[in-house]
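Single-structure report; data block below.
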Amino acid sequence: MNNSIADIPVYRAIFESSLEAILIVDQDGFILKANPACYKMFGYSTGELIGKDLKEVIPQKIRAIPEEKKISRTRNQELLQPGKQMNLFGTKRNGAQFPIEMQLSLAVIEDKRVKIIFVKDISKREKQVRPYCETVANLPHLRSMTIERNIVRRELENKYRILGEPTNDLEKEVAERTKACQAILQKLIDANLALEDQMLETKEAEKKSLASQAMFTAISKNFPKGVIIVINANFDIVYIDGGELYRLGFKKSQFDGLNIDDINVFSKKRIARIKEDVKRTLEGEHLSFETRFMNKNYAVNSSPLLNGNNLIKWTLFVYNDITKQKQAEADIRMALVQAQELNKLKSRFISMASHEFRTPLSAILSSAILIEKQNGPGLEIKREKYIRQIKSNVRKLVVILNDFMSLGKLEEGKVPVKLQHFNLVAFSKDLLEEIGPTKKRGQTLSLKSNKEFIEVYLDPKLLQHILINLLSNAIKYSEVDQDILITLKSGKQGICIEVRDKGIGIPIQEQANLFERFFRAENSLNMQGTGLGLHIVKHYTELLGGTVGFESEEDKGSVFRIEFPLR
């Protein structure tokens with residue numbers, strides 16, 4: 001309790017440097033805390049007053065009553081009323097008594113009521129006023145002397161009038177004495193007025209000081225989104241408060257009075273940074289920077305604090321929470337990047353569409369013209385050939401369009417996942433039958449499974465898109481008369497789908513970028529393609545909770561492997 005009283009946020013400097021003695025007393029009259037001015041005033045060494053009865057230093061005697069008369073209990077209670085100013089006597093350690101002026105305030109610290117007593121040594125003021133007080137005390141005597149002298153003067157005047165002798169000298173002396181008394185009386189009145197003015201100014205200054213202290217405490221304690229910290233040249237935290245301190249789950253008591261090196265929630269790197277900032281601020285710099293602590297962003301501003309001699313004694317650090325502002329900035333930047341990426345995607349799509357759509361559309365147009373010319377009897381086989389070409393090229397266009405649509409949904413994060421149970425073996429057979437017409441002359445599409453029935457819990461539309469992309473690539477990058485194999489494996493760990501071909505393969509130096517958007521290996525640039533298929537395959541697989549990998553060797557083929565954990 002002792003330390004918490006003297007270490008109230010910014011009052012510590014005031015408490016320690018105050019020229020006026022300050023005593024903190026509990027309800028039983030025992031001293032809890034005294035500032036340095038108090039020890040000096042009463043002649044005690046630091047710490048000797050703690051625990052003493054207040055009566056040992058202020059025996060509750062009034063100047064107007066002889067010292068040997070004790071004040072009654074009722075009078076003592078009256079003297080200790082809050083806000084009442086009293087002129088009493090204090091007792092030094094050596095037993096000497098001296099006049100004091102005392103004022104009492106009440107406070108609640110840690111749910112306990114205490115008395116805060118302000119004591120002022122008025123010995124000098126007493127010495128200055130005493131001559132005038134003595135003169136006032138002698139005024140009745142002077143008055144009686146004046147009256148007596150006037151009586152004597154009148155008697156002498158009468159006598160001298162009778163004798164006929166002059167009385168000018170006597171009248172002159174009486175007039176000078178009267179003038180001197182008037183001058184003394186005027187000085188006494190002026191001194192009393194000056195003393196009253198000084199007391200009023202002192203009381204007003206005390207009220208302003210208390211109001212300022214209360215205001216600063218309220219501001220710092222309720223500092224809404226930050227923390228205020230005052231650090232001295234020894235790197236001790238002399239004051240800390242603010243709403244953010246409590247939101248982070250800390251208490252003032254965890255930091256008050258601690259040295260920066262002893263704060264265990266700070267890393268060594270952060271402690272070194274704080275000490276460097278304190279040194280720079282003590283040298284007169286005003287710092288402004290941003291820092292991150294406990295996943296939150298703070299704007300930090302520091303200022304040097306001056307003592308009464310205009311010397312830098314402390315540093316003030318104000319931490320303001322700017323996490324929401326930083327998140328808003330990041331969101332804006334992300335939106336800008338996405339807008340830029342979308343513009344690039346649109347430009348790439350226009351450029352690629354003009355190239356990729358030209359070939360299948362030309363083939364469709366040519367086949368349609370040939371069908372028109374082969375309209376006679378006996379030309380059915382040729383017409384079927386051209387129709388197959390039309391269907392194949394339409395499917396190619398559909399794949400390209402699906403890739404671009406899928407990419408747009410991925411970029412916007414709008415790809416829905418609808419899981420359901422189905423037989424993977426039957427699903428794969430239907431898929432091979434659907435994609436069969438697109439294979440090259442002599443190519444074969446085969447299915448191999450370690451079980452007749454493999455139940456999975458996946459999104460069939462997304463899985464269809466994944467496998468169509470892998471099988472289309474295998475067909476496109478394999479020569480005629482080559483075998484393409486899809487293998488299904490069901491085990492204790494999960495499901496594995498492999499698509500194996502004997503095509504052109506992927507150069508080893510380009511394999512790291514294979515799943516990047518729009519990437520195409522150098523040995524495939526002369527073939528039709530968007531460079532989006534494998535990028536979409538990877539993202540769709542991850543949406544379904546799986547992983548994709550591959551093995552490839554140039555001119556020997558590739559194996560793409562999709563794995564899903566058991567659900």
task = Please list, ordered by first then second residue, the pairs with beta carbon atoms under 7 Å, 6 or more apart or interchain, first in the stretch 185-199 and touching a residue at least 24 places away in the same chain (Cβ under 8 Å), second among the hydroxyl-bearing types (S, T, Y).
result = K187/Y132; L188/Y132; L188/T135; A191/Y132
request  = Please verify whether the stretch 453-476 includes one or more residues that are of a type outside the set (D, E) and at positive phi.
outcome  = no
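With over 30 Å from E16 (Cα atoms), touching a residue at least 12 places away in the same chain (Cβ under 8 Å) and among the hydroxyl-bearing types (S, T, Y) as the only criterion, which of T315, T323 stands out?
Values: T315 fails: over 30 Å from E16 (Cα atoms).
Matching residue, one of T315, T323: T323.
Conditions (1) assigned to a helix (DSSP H, G or I); (2) surrounded by fewer than 16 Cβ atoms within 10 Å (Cβ to Cβ), marked per residue:
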| site | (1), (2) |
| --- | --- |
| L462 | yes, no |
| H465 | yes, no |
| S472 | yes, no |
| E479 | no, yes |
| K489 | no, no |
| I497 | no, no |
| R500 | no, no |
| I506 | no, no |
| A512 | yes, yes |
request  = Might you check whether a residue that is more than 20 Å from Q27 (Cβ to Cβ), in the same structural domain as G29 (by TED's automatic domain parsing) and at pLDDT 85 or above occurs anywhere in the stretch 50-65?
outcome  = no
query = Which residue pairs have Cβ atoms closer than 8 Å, lie 6 or more positions apart in sequence or on different chains, and pair a first residue in the stretch 399-426 that is part of a loop (DSSP other than H, G, I, E, B) with a second residue that is at pLDDT below 70 and not β-branched (V, I, T)?
reply = V415/S406; V415/K409
ask   = Can you find even one residue in the stretch 175-196 that is assigned by TED's automatic domain parsing to the domain that holds L311, among the β-branched types (V, I, T) and either modelled with pLDDT of 90 or more or not in a loop (DSSP other than H, G, I, E, B) (or both)?
value = no
inquiry  = Quick check on my filter: what residues within the stretch 279-306 are at pLDDT 90 or above, outside any strand (DSSP E or B) and within 19 Å of the chain's Cα centre (by Cα)?
reply    = L287
task = State whether the residues of the stretch 256-267 include one that is closer than 22 Å to F15 by Cβ, surrounded by fewer than 16 Cβ atoms within 10 Å (Cβ to Cβ), touching an Asp or Glu at 6+ places or on another chain (Cβ under 6 Å) and outside the structural domain of I109 (by TED's automatic domain parsing).
result = yes
ask   = Restricting the search to the stretch 531-553, which residues are surrounded by 16 or more Cβ atoms within 10 Å (Cβ to Cβ) and assigned to a loop (DSSP other than H, G, I, E, B)?
value = G531, L532, L544, G546
note = Quick count over the stretch 233-246, residues being within 16 Å of the chain's Cα centre (by Cα) and touching a residue at least 12 places away in the same chain (Cβ under 8 Å), is 6
The one condition in (1) at pLDDT 75 or above; (2) exposed (fewer than 12 other Cβ atoms within 10 Å of the Cβ) that G378 fails to fulfil = (1)
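Among the residues of the stretch 307-331, write down those that are in a strand (DSSP E or B) and of a type in the set (A, V, I, L, M). Before you say what the answer is, go through the steps one by one.
Here is the first cut: in the stretch 307-331, the residues in a strand (DSSP E or B) are 312-321.
Listed by number, the residues that qualify are I312, L316, V318.
The values are calculated or read from the model by the stated rules, or taken from the named source; none is laboratory data. Note that the structure is predicted; figures quoted are calculated from it, not measured. Note that we place each Cβ from the backbone using ideal geometry, even for glycine, and neighbour counts take in every protein chain shown.
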